[in-house]
Amino acid sequence: ISLYSYGNTLSLKTLSSLLKEFKIRVLGSLSLELCYTALGRLNAVIDAREKARIVDFAAGKIILEETGGVFSNLNGEPIEASLKDAKKGFSLIAADTPIFYKNLLNVIKKL
């Protein structure tokens, strides 16, 4: 998975658990990583910084959802935003399949 966590809202316990259970990579581009998730090259993307702007992930979100992937905030709620919200920051979780998404979200919520 790709995990953006510096200056994050995730606890150290959660981060430690994710690092033990998953292989972590960061490429530096949310839209690219969401496209890689849509292609199956990554299983998931988590951005816990509350700094991701709609312009950083909108295109990748559409592509991921078109391929059956799932995208939400860290509470499992849909992210509803428009370009009017371009300065607002979000945290997000996205996965290639609904099953992997649920498992990953459970790991985050348990800790």
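ASP47 meets each of the listed conditions (1) closer than 23 Å to LYS102 by Cβ; (2) without any contact (Cβ under 8 Å) to a residue 24 or more places away in the chain apart from (2). Reported count of residues in the stretch 57-90, each being more than 25 Å from ASN103 (Cβ to Cβ) and free of Cβ contacts under 8 Å to residues at least 40 places away in the same chain, is 10. Of the helices (runs of 4 or more DSSP H) contained entirely in the stretch 7-111, those carrying at least 1 residues that are at pLDDT below 90 and either open to solvent by 40 Å² or more (accessible area, probe 1.4 Å) or among the basic types (Lys, Arg) (or both) fall at 12-21, 98-110.
The values are calculated or read from the model by the stated rules, or taken from the named source; none is laboratory data. A quick note: this is a predicted structure, and the numbers were derived from the prediction, not measured. Note that each Cβ is placed from the backbone with ideal geometry, even for glycine, and that neighbours are counted across all protein chains shown. SASA here: full protein model, heavy atoms, side chains in, ligands and nucleic acids out. Shrake-Rupley method; radii C 1.70, N 1.55, O 1.52, S 1.80 Å.
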